[in-house]
Amino acid sequence: MSFFFTSLTLALAFTGLGFGVFFSMKIFNIPDITTDGSYTLGGSLAAILLTNNINPWIALVLCLFAGFMAGCLTGIIYTRLKVNPILAGILVMTSLYSINLKAMERSNIALIDTPLIFDSFPFGLSQFSAPFAWLAMMVVLVLVGIYYLLRTDFGIVMRAAGSSEKMVRANGVNSLNIKTIGLGLANALTALSGFLVTQVQGFADINMGVGIIISGLGSVIIGETLYGFTQSSNLLLRLAFIIVGTILFRLILAFVLSQGIDPVWLKLTMSGIVLAIVALPGKKSGQGLG
């Protein structure tokens, strides 16, 4: 059971990734490959700062800002230079690999005897349960924050820019700036996951973000599929199902690994699970989700 409890804790840390992919894929309809780089950026920056005794809360703010800037850079390349969004994301992701490796000065950094953000949990829980409690509170705060953001005038314009850009422009709003900021927010959330996962697993690795967008995509697809069964139009419920999708996706992976699958095949397993999730609804309805 401790294995699945650890997987559940890790799933909560991955919630930011799910929300980040939701922003880029569902709100703006942009397949943002920057995710792989900004996730590693959050993790590597967290390891560098924490091992240099920087306050974890300051490290958190810096990781969010770094992820935001990475996403904005992709947005600028896409909107201003008119580069295909997939190519723009690949360019930034590739650049971030070199930046992360140079900053880390080695391929991985272990967080041994390093103060973590979970240590600030005020209720004196054990070292085993404190991360779960802290992450659960964080997930609720992020959920509520995103919900209220999307209900503000800026959030409504952001959603409109993704679904009907011409209408937004007709109302005098610069949709290019909105998309750039939106991609920045998406990658800030992704960097948040990198920041948290690094502390849950106890190390940062230069390759930790390879294919991580598949994990985020699988979480979003599961959440959106389950939300569709509710036939609801409630925004808060829709966002909550992203959390549910993230947890279910990680638990499915944990179950597969518990059956003795070689961890070397983890990425292949993730791809197969996402393919199955995407394909099965399409078989039912006669059409795919793409």
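The values are calculated or read from the model by the stated rules, or taken from the named source; none is laboratory data. The structure presented is a predicted model; accordingly, all values stated were derived computationally and were not measured. Here Cβ is always computed from backbone atoms with ideal geometry, including for glycine, and neighbour counts include all displayed protein chains.
Tabulated data for the structure shown
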| item | result |
| --- | --- |
| Close pairs (6 angstrom Cβ cut-off, 6 or more residues apart or separate chains): more than 19 Å from ALA186 (Cβ to Cβ) in the stretch 233-247, of a type in the set (S, T, N, Q) anywhere | none |
| Odd one out for ALA188, checked against (1) over 13 Å from the mean Cα position of the chain (by Cα); (2) more than 21 Å from ASN108 (Cβ to Cβ) | (1) |
| Residues located in the stretch 160-174, provided they are at pLDDT 85 or above, small (Gly, Ala, Ser) and either closer than 10 Å to PHE28 by Cβ or surrounded by fewer than 17 Cβ atoms within 10 Å (Cβ to Cβ) (or both) | ALA161 |
| So GLY282, is it modelled with pLDDT under 90 and assigned to a helix (DSSP H, G or I) | yes |
| Some residue of the stretch 109-132 being over 25 Å from ASP36 (Cβ atoms) and under 19 Å from the mean Cα position of the chain (by Cα) | yes |
| Close pairs from the stretch 112-136: first within 21 Å of THR246 (Cα to Cα), partner at pLDDT below 70 and not polar (S, T, N, Q), Cβ under 6 Å, at least 6 apart | ALA130/PHE121; ALA133/LEU125; TRP134/PHE121 |
| Members of the stretch 24-44 that are in contact (Cβ under 8 Å) with a residue 60 or more places away in the chain and not in a helix (DSSP H, G or I) | PHE28, ASN29, ILE30, ASP32, ILE33 |
| Residue tally, condition of a type in the set (Phe, Trp, Tyr) and without any contact (Cβ under 8 Å) to a residue 40 or more places away in the chain, over the stretch 45-76 | 0 |
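A quick yes/no check of all residues on (1) in contact with a strand residue (DSSP E or B) (Cβ under 9 Å, 6 or more places away or on another chain); (2) at pLDDT 95 or above; (3) closer than 17 Å to ILE212 by Cα; (4) crowded, with 21+ Cβ neighbours inside 10 Å:
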residue: GLY37; (1), (2), (3), (4): no, yes, yes, yes
residue: GLY43; (1), (2), (3), (4): yes, yes, yes, yes
residue: ASN55; (1), (2), (3), (4): no, no, no, no
residue: GLY71; (1), (2), (3), (4): no, yes, yes, yes
